[in-house]
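Notes follow the structure.
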Amino acid sequence: MNILSPSLLSVDFNHAADDIKIITDAGAKWLHLDVMDGSFVPNISYGAPVIKAFRETTDAFFDIHLMIDEPIRYIDDFITAGGEMITIHYEACSDVKTTLEIIRSKGAQCGIAIKPGTSVSEIENLITEVDMVLVMSVEPGFGGQKFMPEALDKLKQVKRLANEKNHSLLIQVDGGINKDNARKAVASGANVLVAGSAVFSGDKAENVKMLNELINS
Ligand code: DX5
Ligand code: ZN
């Protein structure tokens, strides 16, 4: 079963609780929460208090994507707010291993994300230390960007490494995913697909159903 993780970066924040209900009723089991600090990425989104408020509206699995410098400082906050998967950026940490260990020790699953300019070989030795690898298919910072097809090769590399190491791994792709490229991403190894604008533009429930069917057919 491949997983759709709708990104709430594209939600209408005035109606977030209603929209969360619409997309989870339509079959979304995960929600992707993009945290941006205006330093690691050139945009600011929201932090732990907002995630805590979302948490009160739903039982969906909370997949938190931390686009912040030195996330080690805030792991506790995001787990307390309801994070179940905490993904940090390889490029944002001075001590990646310790950051991952702290996430694990506090009872959450951990993921490692790489930007388009970071090669898979740089995180090769971390693959067995994580529950999920996130391959960015846009420069992190904004929703609504165009999918970078170079990500497909990186997904294949991650998948090959996970197989070689016999490690059961979630492989997430994030950025510009839509009905035209979702199946290619799955064919390349992705099993968790983030979609922001493709879910929230138009009929949200229909989009969730259509994407879920597409990635599982
Ligand atoms: C970008 C974020 C993404 C973004 C995806 O930095 O990490 O999760 O919300 O949005 P779309 O699907 O519109 O590219
Ligand atoms: Zn994201």
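None of the figures in this text is laboratory data; all of them are computed from the coordinates on show. The structure displayed is predicted, hence computed values, not measured ones. As a convention, Cβ positions derive from the backbone with ideal geometry for all residues, glycine included, and neighbour counts pool all protein chains shown.
Both radii come from the Cα set of the stretch 128-174: Rg as radius of gyration, Rh as Kirkwood radius; their ratio Rg/Rh reads 1.03. Dipole of the chain computed with +1 at Lys/Arg Cβ and -1 at Asp/Glu Cβ about the Cα centre; of Cys93, Thr58, Asn191, farthest Cα towards the positive end is Asn191. Working from label points 7 Å from Cα in the Cα-to-Cβ sense, the Met1 to Ser119 distance is 3.8 nm. Please state the shape class of the stretch 162-206: rounded when a/c is under 1.5, otherwise prolate if a/b exceeds b/c and oblate if not, all from the C-alpha gyration tensor. Note, shape of the stretch 162-206 comes out prolate. Here the stretch 3-215 carries DSSP beta bridges of which approximately 5% are antiparallel, counting only pairs with both residues inside.
With a 10 Å cut-off between alpha carbons and a GNM built on the chain, which of Glu139, Glu101, Glu56 moves the most? For the chain, modelled as a Gaussian network with Cα springs under 10 Å, the answer is Glu56. With only Cα atoms counted, the chain has Rg and Dmax values of 15.8, 46 Å.
In a simple Cβ point-charge model (Lys, Arg +1; Asp, Glu -1; nothing else charged), the stretch 113-186 has a dipole of about 340 debye relative to its Cα centre.
Charges were assigned to the Cβ only: +1 to each Lys and Arg, -1 to each Asp and Glu. The resulting dipole of the chain about its Cα centre is roughly 560 debye. The simple spin-label model puts a point 7 Å past each Cα toward its Cβ; for Leu126 and Thr58 those points are separated by 2.6 nm. Legend: ranking of residues Thr24, Thr80 from fewest to most surrounding C-beta atoms inside 10 Å; resulting order Thr80, Thr24. Considering the zone a paramagnetic label at Ser94 would reach in this model (a point 7 Å from Cα along the Cα-to-Cβ line), which residues of the stretch 56-84 have amide N under 19 Å from it? Residues 67-76 qualify, since their backbone N sits under 19 Å from the label point. Just check the stretch 78-180 against the gyration tensor rule for me: Cα atoms, a ≥ b ≥ c as the square roots of the eigenvalues, rounded for a/c under 1.5, and otherwise prolate or oblate depending on whether a/b exceeds b/c. Because a/c hits 1.5 or more and a/b fails to exceed b/c, the stretch 78-180 counts as oblate. Summing charges over neighbours of Glu213, with a neighbour being any other residue whose Cβ is under 12 Å away from its Cβ, gives +2 when K and R count +1 and D and E count -1.
Between the stretch 1-78 and the stretch 161-194, the alpha-carbon centres lie 20 Å apart.
The slack between Arg73 and Phe142, meaning 0.36 nm per residue of separation minus the straight C-alpha distance, is 22.5 nm. Summing Lys and Arg as +1 and Asp and Glu as -1 over all other residues whose Cβ lies under 13 Å from the Cβ of Thr58 gives a net charge of -3.
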